[in-house]
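The values are calculated or read from the model by the stated rules, or taken from the named source; none is laboratory data. Since the structure is predicted, the reported quantities are computational estimates derived from the model, not experimental observations. Note: ideal-geometry Cβ built from the backbone for every residue, glycine included; neighbour counts use all protein chains shown.
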């Protein structure tokens, strides 16, 4: 790892690293517990009170030569999700799991609740991967009923928790990135990701831009990290979803 920069406050750790990408060393990390203009997928707002969430971003450089195959890059959010799931479990959230392609959820009796979101942004020089992990919010202070935090899940949250959470994520993520890079098979980590992928085997609704919603069962991941869905309409074909909003459904 090149460096870890802690900020007292940042508008967006992802935006900062994207703006500086041309000058960054590989695996530069920027982190804060006070991010006031964070973004999720589809430009959604990601917000938390100062000190209640960890926002961190890591720059993964392309390196010498041409940029990696975009299909290979599709695995990076999933690799990051695997790292966060393992980190959350090491911190005490034993039921943390991955929702395709970029959320970490925790199972509850009535629903699965979001603990962390991941956002990957491609630049000419590399990929910036952002992680937003809820730390100390209470049930009352969480922005939506479908969210959760380490504190809500019973993890004691202290002044040391942001450092511990950052260390836990990076301890898992950096070796996984190196493994992803070193393999000639972009899908080399598919089995490990599938083992924590809550979406696999579930009934889902996939909302696709400009298309009708796709209803079916998520049966796995293809070689590019796309979600394979068996449509509910009985069609024999599998639909490979590269991008879309996925909702886990309760029907069988």
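Tabulated results
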| item | result |
| --- | --- |
| Boolean, residue 79 is in contact with a helix residue (DSSP H, G or I) (Cβ under 7 Å, 6 or more places away or on another chain) and more than 17 Å from residue 172 (Cα to Cα) | no |
| Within the range 15-52, considering residues that are in contact with a helix residue (DSSP H, G or I) (Cβ under 9 Å, 6 or more places away or on another chain), modelled with pLDDT under 95 and under 17 Å from residue 129 (Cβ atoms), the one surrounded by the fewest Cβ atoms within 10 Å (Cβ to Cβ) | 39 |
| Verdict on residue 159 being modelled with pLDDT under 95, loosely packed, with under 14 Cβ neighbours inside 10 Å, part of a loop (DSSP other than H, G, I, E, B) and assigned by TED's automatic domain parsing to the domain that holds residue 119 | yes |
| Matching residues, the range 1-36, being assigned to a loop (DSSP other than H, G, I, E, B), more than 18 Å from the chain's Cα centre (by Cα) and farther than 23 Å from residue 124 by Cβ | 8, 9, 34, 36 |
| Leading residue by the ranking (farthest from residue 238 (Cα to Cα)) among those in the range 181-200 that are part of a helix (DSSP H, G or I) and out of contact with any strand residue (DSSP E or B) (no Cβ under 9 Å at 6 or more places or on another chain) | 182 |
| From 208, 228, 221, residue being in contact with a helix residue (DSSP H, G or I) (Cβ under 7 Å, 6 or more places away or on another chain) and either at positive phi or not assigned by TED's automatic domain parsing to the domain that holds residue 106 (or both) | 221 |
